[in-house]
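Accompanying notes for the structure given below.
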Amino acid sequence: MIIRPMRKADYAAVAELANLCRPNRITPSIEWFLVDHHALVMMIDGEAVGYSVWGMTADWHAYGRDHGIRPDWRHKGLGGLLHEARLKAARDAGASHFVGITWDANGPMKRILGLKGVRMTHVPHHFADEGDGWTYVCELKD
Ligand SMILES: CC(C)(COP(=O)(O)OP(=O)(O)OC[C@H]1O[C@@H](n2cnc3c(N)ncnc32)[C@H](O)[C@@H]1OP(=O)(O)O)[C@@H](O)C(=O)NCCC(=O)NCCS
């Protein structure tokens, strides 16, 4: 298993994966992954099994945008490993902290964000389809 920055050539596989993981959403463009944000891809035996997208503001505030593991590869700890790689990428890029948000019913993602961060704020109606959100903050400076 390797986790590496997403490349242009990964777009078709990652877009398919993103559609599997977030079926109610319009497929993000290649620019959304590679220009507007930073994206990591997790590969196992040449197959893209996970992707993770984050952004950073001009004042070193990193934030999560998307995160997914192929359904048949879930519940093996891969989502947690991929999030740790995303935090490391943000730290290496100079971020002081990382803010993640997920919806109230997303137990696995709340667990992943909570293992590396502190739950902060309930955000009513944050998600159009999934309802309320919870934000988590992870300090990245030593
Ligand atoms: C969220 C997602 C990435 C998790 O991937 P995964 O590889 O199954 O995650 P992991 O195996 O690392 O498990 C995460 C943790 O959640 C825990 N968990 C699983 N179901 C849970 C539940 N209903 N409630 C609480 N915790 C739960 C697991 O036990 C694990 O914790 P542990 O490592 O302490 O045992 C995956 O479910 C996914 O792609 N979902 C669809 C897309 C999505 O929701 N993305 C997040 C957008 S914010």
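Readers should treat all values here as calculations from the given coordinates under stated rules, not as data from a laboratory. Only a predicted model underlies this, so the values are computations on that prediction, with no experimental measurement involved. With ideal geometry, Cβ positions are generated from the backbone for all residues, glycine too; neighbour counts draw on all protein chains shown.
Candidate membrane-span-like segments in the chain, meaning DSSP H helices with Cα atoms spread over at least 18 Å of their own axis and a Kyte-Doolittle mean of -0.5 or above, are 78-92, with no membrane implied. The modelled label-to-label distance between ARG111 and ALA58, using points 7 Å beyond Cα along the C-beta direction, is 4.1 nm. By the Stokes-Einstein formula, at 1.567 mPa s and 4 °C, region 64-142 with its Kirkwood radius over alpha-carbon pairs has D equal to 99 µm²/s.
Convert 20 °C to kelvin, take the viscosity as 1.002 mPa s, use the Kirkwood radius over C-alpha pairs of the chain as Rh, and evaluate the Stokes-Einstein diffusion coefficient in µm²/s, rounded to a whole number. Don't skip to the end; give the middle numbers.
Numbers: Rh = 15.3 Å.
D, rounded to a whole number, is 140 µm²/s.
ALA9 to MET120: extension gain in nm, 0.36 nm per residue of separation minus the Cα-Cα distance? Full extension from ALA9 to MET120 adds 36.3 nm.
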